[in-house]
1. What's the Cα-based Rg to Rh of the stretch 385-429, Rh via Kirkwood?
2. What does the accessible area of T76 come to, in Å² to the nearest 10, when a probe of 1.4 Å is used?
3. Report the gain in length on full extension from S291 to A101: 0.36 nm times residue separation, minus Cα-Cα distance, nm rounded to one decimal.
4. Mean shadow of the chain, computed from the convex hull of its alpha carbons, in nm²?
5. Starting from the alpha-carbon convex hull of the stretch 293-450, give the projected area averaged over all orientations, in nm².
6. Could you point to the residue in L194, G457, H238 farthest towards the positive end of the chain's charge dipole, with +1 and -1 charges on the Cβ of Lys/Arg and Asp/Glu respectively?
7. Sort largest first and round to whole Å: the equivalent ellipsoid semi-axes of the stretch 333-401, each the square root of five times a Cα gyration tensor eigenvalue.
8. For the stretch 22-172, just the Cα atoms, rotate onto the principal axes and tell me the three extents in Å, largest first.
Amino acid sequence: MRSTVAVALAAVTVVGAGCTSHRADPGAFRPGAADAGDSYVPGRGNGGYDVSGYQLRVRYDPATDRLTGRATVTATATAALSRFNLDLIGLDVSRVTVSGAAARHRRDGGELVVTPPRGLPRGAGFTVEVDYAGVPTAVPDGELGNGGFLHTADGAIALGQPESAATWFPVNDHPSDKATYDIEVTVPDGLAALSNGVPGERTSAGGWTTWRWAERAPMASYLTTLVIGDYRVETGTHAGKPMITAVPANLPATGPEASSLARTGEIADFLASRFGPYPFDSYGGIAVTDSRIGYALETQSRPVYGPGFFRGGRPNPSVVAHELAHQWFGDSVSLARWQDIWLNEGFATYAEWLWAEHDGGRTAQRAFELRYAATDWSQPAVDPGRAAMFGDGVYQRGALAVHALRRTVGDETFFRLLEGWTGQRRGGIATTADFVAYAEQVAGRPLRPLLDAWLAGGVAPALP
């Protein structure tokens with residue numbers, strides 16, 4: 001996402017998918033944890049199982065703002081479960097089955113509590129099917145603007161970080177549990193229904209059109225999106241993969257939004273020369289005009305860009321570079337815990353510096369010097385606190401640490417390190433400790449003191 005202490009480098013145990021707080025008797029069936037154990041998103045995520053895939057079939061009528069859906073969740077129990085939770089905000093559930101058998105269910109705030117007819121042994125695969133409906137809700141965020149499911153004049157936008165998915169489907173809503181997605185969205189004829197991944201067959205019947213999308217690479221739930229409305233959709237290919245971009249139909253075809261998105265392939269290719277092969281099976285981007293969205297978000301394979309980045313009638317390739325860099329840092333290699341969000345934002349901000357230099361602007365070194373002089377060193381990049389997770393300490397100080405690492409190890413080692421990191425961790429999750437350990441392995445020297453100082457020290461570090 002792009003928005004207007006001692007460093008926690010020791011290895012940690014992430015409580016979430018695949019974890020349970022009950023360890024006394026591993027053979028007993030017990031409830032799965034109703035929380036991922038992440039203090040930045042209390043109440044989000046769940047324990048005791050690992051999701052491998054979601055199949056979502058939803059129908060949305062903008063005239064009534066009503067959504068109906070069926071979600072099929074394929075998972076494996078990582079503990080012996082008597083019951084388990086899914087995150088779901090504000091929608092009514094009419095039926096739940098577990099592996100084809102009717103299951104008891106109840107709501108507990110933003111949780112859907114499911115009790116299967118029989119306990120689920122550890123290691124057992126199971127499938128949950130949930131029928132649900134209602135008027136979806138937004139998730140207010142005082143810093144960046146609203147997220148969640150937003151009703152618009154011509155449709156809807158489902159978007160947000162760190163949470164949004166649970167406002168339109170039942171989910172294990174934490175990035176530590178990534179999964180594949182098959183998404184079918186049925187909307188009135190004439191409207192687009194855009195989502196993540198590779199487009200599938202589009203069919204129409206009775207005044208409604210069904211759009212199909214498939215994301216086969218593991219995806220964190222907050223990276224899902226659904227954009228419905230009157231959009232001008234451009235479909236093509238880039239590097240042999242589908243390229244889908246969209247801007248609202250009422251914007252000019254040569255406006256700053258369309259001009260910026262038109263550079264998606266060019267910018268992605270440049271970043272691939274620095275970070276390694278592009279990690280997904282499709283490219284694209286979506287511009288929206290809703291003023292409630294004061295950010296851009298790296299929704300997997302198809303970032304969404306809020307209106308504030310195109311004011312003044314000028315294209316903005318910088319924000320495209322930022323969100324595309326996230327396809328490597330944040331999307332393909334995702335966070336095990338939100339405290340380490342600098343691993344996403346520091347590298348995406350640094351990608352802006354690299355792109356500007358490549359595109360004839362100031363050098364990355366000059367950007368580093370200017371930002372170094374303006375930095376408030378009391379704001380850490382690692383574990384900044386929930387209120388500061390989208391602040392300059394994460395974005396700018398994170399980028400400073402990346403450049404300091406480059407200056408210390410040299411360009412050859414630095415770019416080999418980045419390409420190795422994104423290759424080794426592709427499709428997975430990571431912590432700051434993981435990155436430091438890998439950087440030290442590649443560089444063949446201790447780097448923790450350096451990164452500790454640049455990411456979380458209370459005073460300006462010495463320039464490398």
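The values are calculated or read from the model by the stated rules, or taken from the named source; none is laboratory data. Computed from a predicted model, the values in this text were never measured in an experiment. Note: ideal-geometry Cβ built from the backbone for every residue, glycine included; neighbour counts use all protein chains shown. Keep in mind that these areas ignore ligands, DNA and RNA; they rest on the heavy atoms of the full protein, side chains included. Shrake-Rupley method; radii C 1.70, N 1.55, O 1.52, S 1.80 Å.
1. Numbers: Rg = 13.2 Å, Rh = 12.1 Å.
Reported Rg/Rh, Kirkwood definition of Rh: 1.09.
2. T76 has an accessible surface of roughly 60 Å² with all protein chains in place.
3. Values: separation 190, 0.36 × 190 = 68.40 nm, distance 4.46 nm.
Separation in residues times 0.36 nm, less the Cα-Cα distance, equals 63.9 nm.
4. Numbers: hull surface 86.3 nm².
For the chain, the mean projected area of the Cα convex hull comes to 21.6 nm².
5. On the way: hull surface 38.5 nm².
For the stretch 293-450, averaging the hull's shadow over all directions gives 9.6 nm².
6. G457
7. Here the semi-axes work out to 22, 15, 7 Å.
8. 53, 34, 24
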